[in-house]
Amino acid sequence: MKTLRIAIVLALAACTLLGQHEEVKNLHASPEDVVAGGRIFFSHCAVCHGLLGVGDRAPSLTSGQFRYGGSDGALHQTISRGVPGTEMPGIYFDGVEVWQLVAYVKSLSMSPEANTPTGDAVAGQKIYSVRGCSGCHRVSGEGGRSGPDLTNIGGSRSPGHLRTAILSPNEKVLPQHWTVRVVTKDGTEITGRRLNEDTFTVQVLGSGERLLSLPKSELASYEIVRESAMPSYQGMIRGDDLEDLMSYLVSLRQRRAAQ
Amino acid sequence: MKFTRLRFDLLMALVFAIATSLSAQVTSERLLNAASDPGNWLTYSGTYQSQRYSALDQITRDNASRLELSWVFQANSLQKFEATPLVVDGVMYLTVAPNDVVALDAATGRTFWRYNHILPERTNPCCGAVNRGLAILGDSLFMGTIDGYLIALDARTGTVNWKKKVVNYEDGYSLTVAPLAIKDKVIVGTAGGEYGIRGYIDAYNARTGDREWRFYTIPGPGEPGHDTWEGDSWKRGGASIWVTGSYDADLNLTYWGVGNPAPDWNGDVRKGDNLYSDSVVALDPDSGELKWYFQFTPHDLWDWDSVQVPVLVDREFEGRMRKLMLWGNRNGFYYALDRATGEYLVGKAFIHQTWTDGLDENGRPKVRPEAAPSAEGTKVYPGVQGGTNWYSPSYNPKTGLFYLSVWEYASNYHKNDAVYAAGNRYLGGIPRRIEGEPGYGAVRALDPETGDMEWEFRMVEVTNSGLLSTAGRLLFSGSNEGHFFALDAHNGEELWRTNLGGSAYASPITYLVGGKQHVSIAAGHSLYTFVIGE
């Protein structure tokens, strides 16, 4: 056991200090380890990545493609440290658990991915444009700001999540996409994206895409709208068009900076 | 009725169109006129003239004693906080070292959005993974990163418009300077003077991120000045850029201070004047063409980067109006130049210095040979951090005085062999502090025409904080001791101070929000904002 611990420490040191995670091999990849990893996955990861890792709020883990590297060492690093700047936190075990998680995540690559779109991304980009999506959404600095930025949406949301967002946008509205509707004491109505809020003030991206900070003491009424500002496209974008649009959205992935 | 309804629809369509197609927040014309828009802080130094002077006058000598804390922004970063914020129409944009950007409500400090830039595991900037700030043009913010990217962010959402790799951090290059937006371009230079880089200043198209021109701060073969470098030494001669330059729209010249030659402290492998290290260069912002230069420290042996902010002042000089550039240099001398031609007008040491017998009639230092670094160490005033350094000076047109933060101290300069390996430090020795001689810091006010000291505000410790002066006839600065204070700009008398509990490594700014004058400074790992109490 002591030897094992030393081996783990050495492997981690290799990851951390030398950045040579490509060469680190998972010593805990037996069928039993996969089962154990699965148990941890259900508790810690499934809430975002879906019960079978098919993706939801976080990307699918079933394609065998991993944005931050698919080697054992790279996965260990991503899982243990999280991904700064995203919603993915690190997970803190100092034993074999992270390696068992690595084994489980790799086992998911065999599963067929649900909801994978089968359309043509280039045709989908045209639909995106014709349907006026860019009036509210931005991609690489082009488009409106009242909806979420989609520059990296394919890298941060699963196809299933995106499909739901298009067809039933009210099904899952994350707090960062809530809207506020206020009336100031002088009668001005303001509606905007809720960016931040504390006891005394609320920060919104208001109409005209202006950043506004509103003192609550100056408001006559204040309401958080938890529904999506986006209309449902159920029945409006169908069949091949939907597959094409989905393919375009899934293709939107920001290239990671060279390391 | 039908007609009315149609008119209503048209009207609504028009309202919608206006609401959704607001003109850009900060046009190039607005940047040109920043001095007459003192409620905002639109460039690193406030205006293109870089006087770090504000026409705001709500806070005065009479009420400064009533300054009180309005809000604090905690940066969640343990890097040195060297950034100057921008303020545009009530929104403060600020970099958090190494390379995050936040948009804050300038009235409360509450966050609108935060952009997070992930650095590679290994970067190796010489002096901390720091960042000094942003430029804004149109609706975009521009930031350089430690790993060599220039990034354009949407100012309303913090999302990326474009991102270009502009230097190779693996070879010792990095971006720490706040860029400067001029017309439709964003100008930025590379740090890395301690790594044997070959420095340059670049201009990028603000809309596309495409590079428009590059000016190498070390001339290549066939270019004038190339022969000021012995052999191949020009290839790794340093001459970095790490503090923001200035711009004169009438002359259409942008001015940038250039860093030290490499290797430091040992000039044997780079015999010659080593142009344009330790110089100011005047460039055409449209083409990057060099119009003139002035070298403060030819063949520098002490690490006296000339990266100070060029302060542009139009005023009478020896009986006639001149377009001046005022410069307190790290080498310990104050200079006034004619910024149309680069002509040297006056120079005088503003601290005790032992490396020269003064300047000649062209402003060239008469260097004492015995001041050169040696194996056993040579004691020279000023020490390696210089008589001043990168911290912003200020010029106040109300008092006619030029203000700067100074160090009075010496170093022992030890010379050693320099070994070059890409990405590693390229150093020819080491400067050492002198035991029992800690030196001291001060804020000094100089007469721009003579360089004579008018007054000083002396501190026990040296200082890394820049200055801000205002039409309220105040001079604000911070200190290593953690103080933030307001002085009477006429005589240096202390009017107000508070202790922020952390050293100031940045320069204060001032702005209006809600019709009220605010003053902000970064100290320790937070940004503090003050207003006059009710």
Identify the trypsin sites (Lys or Arg not before Pro) of region A:151-249 meeting these criteria: DSSP loop state and at most 14 other C-beta atoms within 10 Å of the C-beta.
A:Lys172, A:Lys185, A:Arg226, A:Arg238
Which residue, chosen from A:Ile91, B:Ser526, A:Tyr104, occupies the Cα position most advanced towards the positive end of the dipole of the protein assembly as shown, where the dipole is computed from +1 (Lys, Arg) and -1 (Asp, Glu) charges on Cβ about the Cα centre?
A:Tyr104
So what's the Cα pair-distance distribution over region B:217-271, bin width 10 Å, in %?
22, 41, 27, 9, 0
Spin-label zone in region A:28-45 - amide nitrogen under 20 Å from a point set 7 Å from the Cα of B:Glu121 along the C-beta vector
A:28
Order of B:Arg198, B:Arg214 - criterion: other Cβ atoms within 10 Å of each residue's Cβ, fewest first
B:Arg214, B:Arg198
Farthest positive-ward along region A:115-259 dipole, Cα basis, beta-carbon charges - from A:Ala165, A:Asn152, A:Val139:
A:Asn152
Mind running the shape call on region A:33-97? Use the C-alpha gyration tensor, a ≥ b ≥ c as the square roots of the eigenvalues: rounded below 1.5 for a/c, prolate if a/b tops b/c, oblate otherwise.
rounded
Just from the alpha-carbon atoms, what are the Rg and Dmax of region B:41-198 in angstroms?
16.4, 53
Note down the relative contact order for chain B as a percent, whole number, built from C-alpha pairs under 8 angstrom at least six residues apart.
14 percent
Residue by residue, what Karplus-based ³J(HN,Hα) values in Hz, rounded to whole numbers, does region A:168-176 have, using 6.51, -1.76 and 1.60 with θ = phi - 60° and x for Gly and Pro?
9, x, 7, 5, 9, 10, 5, x, 6
If contacts are Cα pairs under 8 angstrom and at least 6 residues apart, what is the relative contact order of region B:438-499 in percent?
23 percent
Sort B:376-385, B:421-430 for me by packing, meaning the mean count of neighbouring Cβ atoms within 10 Å per residue, highest on top.
B:376-385, B:421-430
Region A:100-169 versus region B:253-284: alpha-carbon centroid distance in Å:
50 Å
For region A:123-173 the translational diffusion coefficient, Stokes-Einstein from a Kirkwood Rh over Cα pairs at 4 °C and viscosity 1.567 mPa s, in µm²/s, is roughly 113 µm²/s
Interatomic Cα distance distribution for region A:134-259, bins of 5 angstrom, percent:
2, 10, 17, 20, 16, 13, 10, 6, 4, 1, 0
Roughly what percent of Cα-Cα pairs across region B:390-513 reach past 20 Å?
51 percent
Using DSSP to call loops (not H, G, I, E or B), can you name the GluC sites (Glu not before Pro) in region A:109-212 whose Cβ has at most 11 other Cβ atoms within 10 angstrom?
A:Glu171
How much length would be gained if the chain were fully extended between A:Glu218 and A:Val183, taking 0.36 nm per residue of separation minus their Cα-Cα distance, in nm to one decimal?
11.7 nm
From phi via Karplus (6.51, -1.76, 1.60), per-residue ³J(HN,Hα) for region B:271-284 in Hz, x at Gly/Pro:
4, x, 6, 6, 5, 9, 4, 6, 10, 9, 10, 10, 10, 6
Along the Cα-to-C-beta direction of A:Thr191, a point sits 7 Å from the Cα; which residues of region A:132-147 have their amide N less than 14 Å from that point?
A:146-147
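Above 14 angstrom, tally the Cα pairs of region B:236-304 and express them as a % of all pairs, no decimals.
56 percent
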Pairs over 30 Å Cα to Cα, from B:Lys80/B:Lys165; B:Lys366/B:Lys398; B:Lys80/B:Lys291; A:Lys126/B:Lys164, come to B:Lys366/B:Lys398; B:Lys80/B:Lys291
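To one decimal place, what orientation-averaged projected area in nm² is obtained for the convex hull of the Cα set of the protein assembly as shown?
Approximately 39.9 nm², given one-decimal rounding.
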Could you compute Rg(Cα) / (2.2 N^0.38 Å) for region B:427-477, with N its residue count?
1.55
What value in Å³ per residue do you get for the convex hull of the alpha-carbon atoms in chain B?
159 Å³
Average beta carbon contacts from partner chains per residue of A:201-214, 10 Å cutoff:
6
Beta carbons within 10 angstrom, averaged per residue: use that to sort the peptides A:85-97, B:393-405, B:448-460, highest first.
B:393-405, B:448-460, A:85-97
Amide H contacts under 5 Å for B:Leu468, restricted to residues at least 5 apart in sequence or on another chain and with H modeled in the peptide plane, are B:Phe476
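How many Cβ atoms of partner chains, on average, are near each residue of A:77-88 if near means within 10 Å of its Cβ?
That average works out to 1.
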In whole Å, how far is the Cα centre of region A:190-259 from that of region B:349-401?
55 Å
Between region B:426-446 and region B:448-479, how far is it from one alpha carbon centroid to the other, in angstrom?
19 Å
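Peptide A:143-154: average number of partner chain Cβ atoms within 10 Å per residue?
2
Could you work out the relative contact order of chain A? I mean the mean sequence separation of Cα pairs under 8 Å and 6+ apart, divided by the number of residues, in percent. All intermediate terms of the calculation are to be shown ahead of the outcome.
Numbers: 426 pairs, mean separation 50.8, N = 259.
It comes to 20 percent, rounded to a whole number.
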Please sort A:50-58, B:240-248, B:487-495 by packing, taking for each peptide the average over its residues of neighbouring beta carbons within 10 angstrom, highest first.
B:240-248, A:50-58, B:487-495
Mind computing the radius of gyration and Dmax over the alpha-carbon atoms of region B:229-353? Å is fine for both.
14.8, 47
So which lysines can A:Lys25 reach, going by Cα to Cα under 20 Å and dropping same-chain residues fewer than 8 places off?
A:Lys2, A:Lys106
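Here, each number is a calculation from the coordinates, and none is a lab measurement. All figures in this text were calculated on a predicted structure; none of them were measured in a lab. Quick reminder, even Gly has a Cβ in these numbers, built from the backbone with ideal geometry, and neighbours come from all protein chains shown.
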